[in-house]
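S.K.: Please see the structure below; I have some questions.
No lab work stands behind these numbers, since they all come straight from the coordinates. As the structure is a prediction and not an experimental result, all values here were calculated from the model. Positions of Cβ are generated from backbone atoms using ideal geometry, with glycine treated the same way; all protein chains shown enter the neighbour counts.
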Amino acid sequence: MKLAISATGSKLEDLMDQRFGRAAYFLIVETETMEYEAIENLGAAAGGAGIQTAQKVIDQGAKVVITGNVGPNAMQVLQAAGVKIYTGNPVSAQELVELYQKGLLKEIETPVAAHSGMK
């Protein structure tokens, strides 16, 4: 299964970015093999970043997102596509995959206030 992690860099050793729509990168990880692809979040500086980022993650085939915070618009897009959203601590992406596989991450069901990632 593919999952997407908001990340501060392009490697599995990089930390999770607490922001969803304005994260620097997304790591798309195949959990069965740990193969991954780093996607630079080119929409991070644009208006509507959360919606654009959510659509990009969906287009990559991710069924799960691991991040810090998700705004209401991004959450609506992800949930409509059946993508589950989990929160994690700012540890490495690799650690987050392991925590997810052990069932130790909390599912996010409530978004943060709109435009929180711009602060």
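S.K.: Given H placed 1.01 Å from N in the peptide plane, which residues other than close sequence neighbours of Val65 have an amide H under 5 Å from its amide H?
M.R.: Under 5 Å from the amide H of Val65 lie the amide H atoms of Ala4, Lys84, Ile85, Tyr86, each far enough along the sequence or on another chain.
S.K.: Okay, next question. Roughly what % of DSSP beta bridges within the chain run antiparallel, to the nearest 5?
M.R.: About 65 percent, rounded to the nearest 5.
S.K.: Please report how many Lys pairs in the chain have alpha carbons closer than 17 angstrom, counting only residues at least 8 apart along the chain or sitting on separate chains.
M.R.: 11
S.K.: Can you figure out the FRET efficiency of Lys102 with Lys11, using R₀ = 22 Å and their beta-carbon distance, to the nearest 0.05?
M.R.: Result of the calculation: an efficiency of 0.50.
S.K.: Let me ask you something else. Calculated from DSSP H runs of 4 or more alone, at -39500 (n - 2.57) each and per residue, what is the 222 nm mean residue ellipticity of the chain, nearest 500?
M.R.: Calculated mean residue ellipticity at 222 nm is -7000 deg cm²/dmol.
S.K.: Give me Val91, Val112, Val65 sorted ascending by neighbouring Cβ count inside 10 Å, so fewest comes first.
M.R.: So the residues, fewest neighbours to most, are Val91, Val112, Val65.
S.K.: Between Gln76 and Glu30, what is 0.36 nm times their sequence separation minus the Cα-Cα distance? Round to one decimal in nm.
M.R.: Details: separation 46, 0.36 × 46 = 16.56 nm, distance 2.39 nm.
Roughly 14.2 nm would be gained on extension.
S.K.: Here's a follow-up. Helix 49-59 versus the longest principal axis of the chain: what angle, 0 to 90°, nearest 10, using Cα atoms?
M.R.: Tilt of helix 49-59: around 40 degrees.
S.K.: Here is a follow-up. Counting C-alpha atoms alone, how compact is segment 2-111: give Rg to one decimal and Dmax as a whole number, in angstrom.
M.R.: Here Rg and the maximum Cα pair distance are 12.0, 36 Å.
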